[in-house]
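To start, the structure itself, in structure tokens.
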Amino acid sequence: MDLSGKNILLGITGGIAAYKTPILVRLLRQADAEVQVVLTRGAREFITPTTLQAVSGRPVRDDLWDEEAEAAMGHIELARWADLVVVAPATAHFMATLAQGLAPDLLSTLCLATEAQTVVAPAMNQAMWRSPATQRNVDILARDGRLLVGPAEGEQACGDTGPGRMVEPEDLFEVIRQCFAARCLDGLSVLVTAGPTEEAIDPVRHITNRSSGKQGYAMAAAAAAAGAEVTLVSGPCILPPPPGVDVIGVTSAQDMYDAVHARIAAQDLFIGVAAVADFRPAQSTGQKIKKESVGTRFEMAFEENPDIIASVALLPERPLVIGFAAETQKVLEHAREKRRRKGLDAIVVNDVSRQGIGFNSDSNAATLIWADGELALPYQSKQSLAQGLIRHIADIFTARLAGAGQESRAS
Ligand code: PMT
């Protein structure tokens, strides 16, 4: 896609990955985009304005108080000029500034003043990325509608290995191109399930699991940001509703089944992220079970819950059906078998035996498996993983539509 007529404001903050940014500017210029580079004070320690001026063809801006530059195009005018703002690399400090809505310098002021979409490509040491403070800021930025891309995992300039490398300029360029393509789920209806279910034993006790709902809520938010009308059927979670998403709260697997089937006819896509209890106590008593009445050993019979996603996949007019799988061994093998057994179009598998991913973590890593391929998505925040998954799920949806079109022309 050609980017002629598109104005891209590239903010560079102070990280070693700044050395990669001239490649990104060159790719954007080759696609005919106009690029205005804005440097923070820290960025100047890693890359010179002269290099960036040479590749972008425009004087670099770095000062909120530069009278001459402000006279040519004031910062508010510059914020309005941008069709897209890209911050790459984005340091932990800059992400914190952005999350708090502070405006101590030109770049943060522009990010606050612009109405354009902002793409943020984090780059930092792996421990800084994993720190609860950074993960809180990631969460805020995603909820504010900023598009987080990466970070990638691998060897770092400081000698550590782990998540925190800026994504490669070529990959960032691809994301920028997609930002100007039509939003990938525009006009579609998506139903997402999230969180755990609770299966009652008696009025005060239940059986549940460790799902926090974070991954499912992130999927719902990413689908809404991609233009879909999203309904989220959520088990008991303490998360705020994602912006623009209709949230239906449920408790048990049977409640979730009923809520999904009451709405499924209108859906184009169904994404089952919930960790649904496979079994429930065969008898739930109306009164609290007294310890004295049980003795020293308590045995309980269970009966099977309905398989919600498999029942959706069996519908004659079914939406595109995407499942999730939490596995601890033979991860890909079990997920491939689960996809086939449940009749799913695709499945997203996460290895929950790995530390720091899966249940109740802020980050995740997963493999998307569909009929024609598999794609591994590296360790990253649940929000950025969800954004990547939604882009690939939209491609699977488009391919299915194209296939259905060909079939109906042939018949
Ligand atoms: O919520 P978080 O803390 O963020 O954690 C995210 C997660 C680990 C829960 C999520 O990434 C995940 O893996 N979700 C699937 C959990 C799971 O255990 O799946 P499963 O293997 O039991 O089920 C496979 C698929 O069938 C899932 O899409 C599930 O929603 C669906 N299912 C399962 C049982 C059932 N009775 N009905 C269903 O619809």
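Does the stretch 20-31 contain at least one residue that is within 25 Å of VAL138 (Cα to Cα) and out of contact with any strand residue (DSSP E or B) (no Cβ under 7 Å at 6 or more places or on another chain)?
There is at least one residue in the stretch 20-31 that is within 25 Å of VAL138 (Cα to Cα) and out of contact with any strand residue (DSSP E or B) (no Cβ under 7 Å at 6 or more places or on another chain).
Mind listing whichever residues of the stretch 214-258 are in contact (Cβ under 8 Å) with a residue 60 or more places away in the chain and more than 19 Å from the chain's Cα centre (by Cα)?
Selection gives MET256 alone.
State which residue is farthest from LYS20 (Cα to Cα) when the search covers only the stretch 168-194 and only residues that are in a loop (DSSP other than H, G, I, E, B) and under 16 Å from the mean Cα position of the chain (by Cα).
LEU185
How many residues does the stretch 163-205 contain that are under 23 Å from ALA262 (Cβ atoms) and not hydrophobic (A, V, I, L, M, F, W, C)?
Total meeting the criteria: 8.
Is it the case that PRO243 is over 20 Å from LYS342 (Cβ atoms) and modelled with pLDDT of 95 or more?
Taking the combined requirement at face value, the residue does not satisfy it.
It is to be established whether one or more residues within the stretch 252-267 are surrounded by 15 or more Cβ atoms within 10 Å (Cβ to Cβ), within 21 Å of GLN383 (Cβ to Cβ) and not polar (S, T, N, Q).
The answer is no, given that none of the residues of the stretch 252-267 is surrounded by 15 or more Cβ atoms within 10 Å (Cβ to Cβ), within 21 Å of GLN383 (Cβ to Cβ) and not polar (S, T, N, Q).
Listed residues PHE94, PHE173; which is surrounded by 16 or more Cβ atoms within 10 Å (Cβ to Cβ), within 17 Å of THR40 (Cα to Cα) and of a type in the set (Phe, Trp, Tyr)?
Sole residue among the options that is surrounded by 16 or more Cβ atoms within 10 Å (Cβ to Cβ), within 17 Å of THR40 (Cα to Cα) and of a type in the set (Phe, Trp, Tyr): PHE94.
Quickly run through the stretch 347-364 and pick out the residues that are surrounded by fewer than 19 Cβ atoms within 10 Å (Cβ to Cβ), touching a residue at least 40 places away in the same chain (Cβ under 8 Å) and more than 8 Å from the ligand (Cβ to nearest atom).
If the condition is that a residue be surrounded by fewer than 19 Cβ atoms within 10 Å (Cβ to Cβ), touching a residue at least 40 places away in the same chain (Cβ under 8 Å) and more than 8 Å from the ligand (Cβ to nearest atom), then GLY356 is the only one that fits.
Give the stretch 79-104 a look and list any residue that's part of a helix (DSSP H, G or I), out of contact with any helix residue (DSSP H, G or I) (no Cβ under 6 Å at 6 or more places or on another chain) and hydrophobic (A, V, I, L, M, F, W, C), or say none.
TRP81, PHE94
Does the stretch 105-147 hold any residues that are part of a loop (DSSP other than H, G, I, E, B) and among the hydrophobic types (A, V, I, L, M, F, W, C), and which are they?
ALA116, ALA123, MET124
Which of (1) in contact with a Phe, Trp or Tyr (Cβ under 8 Å, 6 or more places away or on another chain); (2) open to solvent by 20 Å² or more (accessible area, probe 1.4 Å) is the odd one out, the single condition ASP63 does not satisfy?
(1)
Suppose the filter is open to solvent by less than 60 Å² (accessible area, probe 1.4 Å), closer than 24 Å to SER211 by Cα, more than 10 Å from the ligand (Cβ to nearest atom) and modelled with pLDDT under 95; does VAL294 pass it?
The answer is no for VAL294.
(1) surrounded by fewer than 19 Cβ atoms within 10 Å (Cβ to Cβ); (2) touching a strand residue (DSSP E or B) at 6+ places or on another chain (Cβ under 8 Å); (3) closer than 24 Å to ALA123 by Cα; (4) of a type in the set (D, E, K, R): which one isn't true of ARG58, the others all being true?
All conditions are met except number (3).
Just checking, how many residues over the stretch 32-55 are open to solvent by 60 Å² or more (accessible area, probe 1.4 Å) and either of a type outside the set (Ser, Thr, Tyr) or part of a strand (DSSP E or B) (or both)?
Final tally of qualifying residues: 8.
Just wondering, is there one or more residues in the stretch 219-239 that are over 21 Å from ARG183 (Cβ atoms), away from the ligand (no atom under 12 Å from the Cβ) and surrounded by fewer than 16 Cβ atoms within 10 Å (Cβ to Cβ)?
There is no residue in the stretch 219-239 that is over 21 Å from ARG183 (Cβ atoms), away from the ligand (no atom under 12 Å from the Cβ) and surrounded by fewer than 16 Cβ atoms within 10 Å (Cβ to Cβ).
Given the residues LEU332, LEU314, LEU368, LEU344, which is the only one that is hydrophobic (A, V, I, L, M, F, W, C), within 30 Å of THR398 (Cβ to Cβ) and away from the ligand (no atom under 13 Å from the Cβ)?
Answer to the selection: LEU332.
The values are calculated or read from the model by the stated rules, or taken from the named source; none is laboratory data. Worth saying up front: this structure is predicted, and the values here are computed from it rather than measured. Don't worry about glycine lacking a Cβ; one is built from the backbone with ideal geometry, like all the others, and counts go over all protein chains shown. Note: accessible area is taken over every heavy atom of the protein model, side chains too, but ligands, DNA and RNA are not part of it. Shrake-Rupley method; radii C 1.70, N 1.55, O 1.52, S 1.80 Å.
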